[in-house]
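Taking it in order: structure first as structure tokens, then the write-up.
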Amino acid sequence: MEPEAAAATAQRAVRVLRVLEKTYPDQRPLLRYDNAYQLLIAVILSAQTTDAQVNRVTAALFAALPTVQTLAEATQADVERYIHSTGFFRSKARNIRAAAVVLRDRFGGQVPQSMQELLSLPGVGRKTANVIRGALFGLPAIIVDTHFARVTRRLELTAAAAPERIESEVAALLPPESHYSFSMCVNYHGRYRCHARRPDCGQCEIRALCGYPRLIG
Ligand code: SF4
């Protein structure tokens, strides 16, 4: 992108953020959690399913296995019993048990902050790591999920398809301190307005900043 075009896109991204921060003032994750351990496990479980589905199983899971230590010592069958309705439950059970073992043995039972350390945990990719960094630690975090990818492409803030590329291109448009807020606002906008099949462009708060309605006629 030419420097002038890049500057105009960055300005538009900031204007999108300003509008969406007013539209979605509560930017907490929709996953329920009380501590770092619970958020990490909930985000791992949220792959390929909805946050509502994860919330339905985590209350019982965390009541039975309330700490890193208890999860690290649980059997595969123990864990599967609680999470079987989340889909891919066998691999998710393996991953969260293995993640708990790593947390216990390498990180003193604490969830680490650095991207590299988070990515060393089984079941943790960049999306999960960025949720943890942004929501728990207040660090810059662009969280690329299906909603974020769709909305940022429609807004022409990126044309990339690969999540890492989307992450780096959008990150370059905004000041680091607004990355997490932007991620959550755009995620909410994808859920509640900019739907995958029928985006509600007629009611959209950022329609004036988006070329997509003109593209689809
Ligand atoms: S105008 Fe339509 S496509 Fe653009 S962000 Fe709003 S809902 Fe999505």
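Kindly check whether there is at least one residue in the range 103-110 that is over 29 Å from SER168 (Cα atoms) and among the aromatic types (Phe, Trp, Tyr).
no
How many of the residues making up the range 172-208 are surrounded by fewer than 17 Cβ atoms within 10 Å (Cβ to Cβ) and either out of contact with any helix residue (DSSP H, G or I) (no Cβ under 7 Å at 6 or more places or on another chain) or of a type in the set (A, V, I, L, M) (or both)?
Looking only at that region, the number is 13.
Out of VAL79, VAL68, I need the residue that is touching a Gly at 6+ places or on another chain (Cβ under 8 Å), among the aliphatic types (A, V, I, L, M) and within 26 Å of ILE143 (Cβ to Cβ). Which one?
Details: VAL79 fails: touching a Gly at 6+ places or on another chain (Cβ under 8 Å).
Just one listed residue meets the conditions, VAL68.
Failed condition for ILE132, given (1) part of a helix (DSSP H, G or I); (2) within 12 Å of the ligand (Cβ to nearest atom), with all others met?
For ILE132, the failing item is (2).
Taking only the range 44-60 into account, find how many residues are in contact with a Lys or Arg (Cβ under 8 Å, 6 or more places away or on another chain) and either touching a residue at least 40 places away in the same chain (Cβ under 8 Å) or aliphatic (A, V, I, L, M) (or both).
Just the residues of the range 44-60 that are in contact with a Lys or Arg (Cβ under 8 Å, 6 or more places away or on another chain), to begin with: 44-45, 47, 55, 58-59.
With either touching a residue at least 40 places away in the same chain (Cβ under 8 Å) or aliphatic (A, V, I, L, M) (or both) added as a condition, the list becomes 44-45, 47, 59.
Matching residues across the range 44-60 total 4.
If I filter the range 144-153 down to residues being within 16 Å of the ligand (Cβ to nearest atom) and of a type outside the set (S, T, N, Q), which single residue comes out as surrounded by the most Cβ atoms within 10 Å (Cβ to Cβ)?
Start the filter on the range 144-153 by keeping residues that are within 16 Å of the ligand (Cβ to nearest atom), which leaves 145-153.
Of the ones still in play, those that are also of a type outside the set (S, T, N, Q) are 145, 147-151, 153.
Values: ASP145: 17, HIS147: 20, PHE148: 25, ALA149: 20, ARG150: 17, VAL151: 27, ARG153: 15.
If we take residues in the range 144-153 being within 16 Å of the ligand (Cβ to nearest atom) and of a type outside the set (S, T, N, Q), then VAL151 is surrounded by the most Cβ atoms within 10 Å (Cβ to Cβ).
Step by step: first the residues of the range 36-67, then only those that are surrounded by fewer than 23 Cβ atoms within 10 Å (Cβ to Cβ) and outside any helix (DSSP H, G or I), then the one that is nearest to the chain's Cα centre (by Cα). Which residue is that?
ALA47
Can you confirm whether the range 85-107 contains a residue that is assigned to a loop (DSSP other than H, G, I, E, B) and either in contact with a strand residue (DSSP E or B) (Cβ under 7 Å, 6 or more places away or on another chain) or among the β-branched types (Val, Ile, Thr) (or both)?
To start, the set of residues in the range 85-107 that are assigned to a loop (DSSP other than H, G, I, E, B) comprises 87-88, 107.
Pick out the ones that are also either in contact with a strand residue (DSSP E or B) (Cβ under 7 Å, 6 or more places away or on another chain) or among the β-branched types (Val, Ile, Thr) (or both) and you get none.
No, there is no match, as no residue in the range 85-107 is assigned to a loop (DSSP other than H, G, I, E, B) and either in contact with a strand residue (DSSP E or B) (Cβ under 7 Å, 6 or more places away or on another chain) or among the β-branched types (Val, Ile, Thr) (or both).
Just to be sure, is ALA141 at pLDDT 95 or above and within 12 Å of the ligand (Cβ to nearest atom)? Even if it seems obvious, please write down each step before you answer.
Details: at pLDDT 95 or above: yes; within 12 Å of the ligand (Cβ to nearest atom): no.
Spelling it out, it is not the case that ALA141 is at pLDDT 95 or above and within 12 Å of the ligand (Cβ to nearest atom).
Note down all Cβ pairs under 6 Å where the first residue falls in the range 198-215 and is over 16 Å from HIS147 (Cβ atoms), the second is more than 6 Å from the ligand (Cβ to nearest atom) and not in a helix (DSSP H, G or I), and they're at least six residues apart or on different chains.
Short answer, once both residue conditions are applied: GLY211/GLU156.
Considering only the range 13-35, how many residues are surrounded by 19 or more Cβ atoms within 10 Å (Cβ to Cβ) and in a helix (DSSP H, G or I)?
Count: 4.
How many residues are under 19 Å from ARG28 (Cα atoms) and of a type in the set (A, V, I, L, M) if we restrict to the range 152-197?
2
Can you name the residue in the range 154-177 that is within 16 Å of the ligand (Cβ to nearest atom) and in contact (Cβ under 8 Å) with a residue 60 or more places away in the chain and, of all such residues, is nearest to ALA7 (Cα to Cα)? Before you say what the answer is, go through the steps one by one.
The first filter runs over the range 154-177 and keeps only residues within 16 Å of the ligand (Cβ to nearest atom), leaving 154-159, 166, 170, 173.
Now narrow it down to the ones that are in contact (Cβ under 8 Å) with a residue 60 or more places away in the chain: 155-157, 170, 173.
Details: LEU155: 15, GLU156: 13, LEU157: 11, VAL170: 12, LEU173: 8 Å.
Within the range 154-177, the match that is nearest to ALA7 (Cα to Cα) is LEU173.
The values are calculated or read from the model by the stated rules, or taken from the named source; none is laboratory data. Here the structure is a predicted model, which is why all the values come from computation and not from measurement. All Cβ positions, even for glycine, are placed from backbone atoms using ideal geometry, and neighbour counts span all protein chains on display.
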